[in-house]
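Laboratory data are not the source of any read-out in this text; all were calculated from the coordinates shown. Model, not experiment: these values are computed from the prediction. Glycine also receives a Cβ, built like all others from the backbone with ideal geometry; neighbour counts cover every protein chain displayed.
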2 protein chains.
Amino acid sequence: MKNRNERLMEIRRLIASSNISSQDDLMKLLLKKGYELTQATLSRDLKYMRVAKMPNDDEGYVYILPDKEQSIDEPEMQASSFGVLVSIDFAQGMAILKTLPGHAGSIAYNIDHLNAYEVGGTIAGDDTILLIPRDGVSKSDLINMLKVRLPGLIREQVH
Amino acid sequence: MKNRNERLMEIRRLIASSNISSQDDLMKLLLKKGYELTQATLSRDLKYMRVAKMPNDDEGYVYILPDKEQSIDEPEMQASSFGVLVSIDFAQGMAILKTLPGHAGSIAYNIDHLNAYEVGGTIAGDDTILLIPRDGVSKSDLINMLKVRLPGLIREQVH
DNA sequence: ATTGTCTTTGCAAATTTATACATTTTCTTG
DNA sequence: CAAGAAAATGTATAAATTTGCAAAGACAAT
């Protein structure tokens, strides 16, 4: 779906920033943000992202993200990074990103620090980044994520 | 009750040592060990011990202990604070090793020179190593090899 | 032993979560 | 573009979990 990825990111943000204790709660929060879906889909989303439900300090239960850091604010992309990502190709289930000469390192740094679910890890050379997506992450998942989380990075002709 | 504490310990042991996916499952295991109780009590026990339920790698869900040493992170393990190898993650059948900044090269060099059967080859960036295992080598094969051949690099995994 | 208090438990009902199946949407490939 | 394949979603339902309430220990102080 067009906005599944966006939705997954929103779910992450919500879980990171508030104490959510049921999928119905989460559903209502998402509805306020404009995402319309059923509890069944949420169950699948949470499973996809390996979100766990855990008893809480006080009363009740909360969902917790399987990631190390739950930072809500994301680092801004540097101005100089604008439009320097030249192409995205896929091979062997991995993404090969081409940048303007010398920019691979900084772009990879930015991508790494998104803590994006989709990204297993990156290795950067001078103008090439090898990005290993997590299992189950599709080409378009990855591209959508990059578009959403690092707007302006990708040159227009890339898709 | 007289043996509630014993029971809690037994539950801990069971959860640590097997993949339990429902309270009914756990109930049956406990029955075999001589503990007779209802699922409702189990729900309370798990809440008391803050045991979380999390989607699993393959299919299904598992209970996990909130033990500080037991990470609920995706990375298979974390290095000790003194170690250089920070995490090992798997995606696309390959291992992605994260190191402290600047150490990827030397760690990759060391791994290469083990001449370990398990390792097809490595590519190192600044703080990331992509390790391609040989066909048929499992995740745990690789981790065990690294533990044995490069002790100290990887923290002992506590269960 | 009796009383009162606190903890633990079972039962049953309510709530929450997962999933089989059908349908729709998206993607790929000719 | 069309056809087939794959992915995503909703519906309805099953499965799993939580909880209110009452009853049954456990324990302390009379």
Starting from the 7 Å offset along Cα-to-Cβ, what nm value, one decimal, do you get for the label separation of A:TYR109 and A:ALA16?
2.0 nm
At 7 angstrom along the Cα-to-beta-carbon line, where would the label on A:ASP126 sit relative to the other copies? Give the distances in nm, shortest first.
1.6
Which entries in the list B:LYS33/B:LYS53; A:LYS33/B:LYS98; B:LYS28/B:LYS139 go over 29 Å, if you measure between the two C-alpha atoms of each?
A:LYS33/B:LYS98; B:LYS28/B:LYS139
Between copies, how close do the A:PRO101 label points come, placed 7 Å along Cα→Cβ, listed in nm from shortest?
2.6
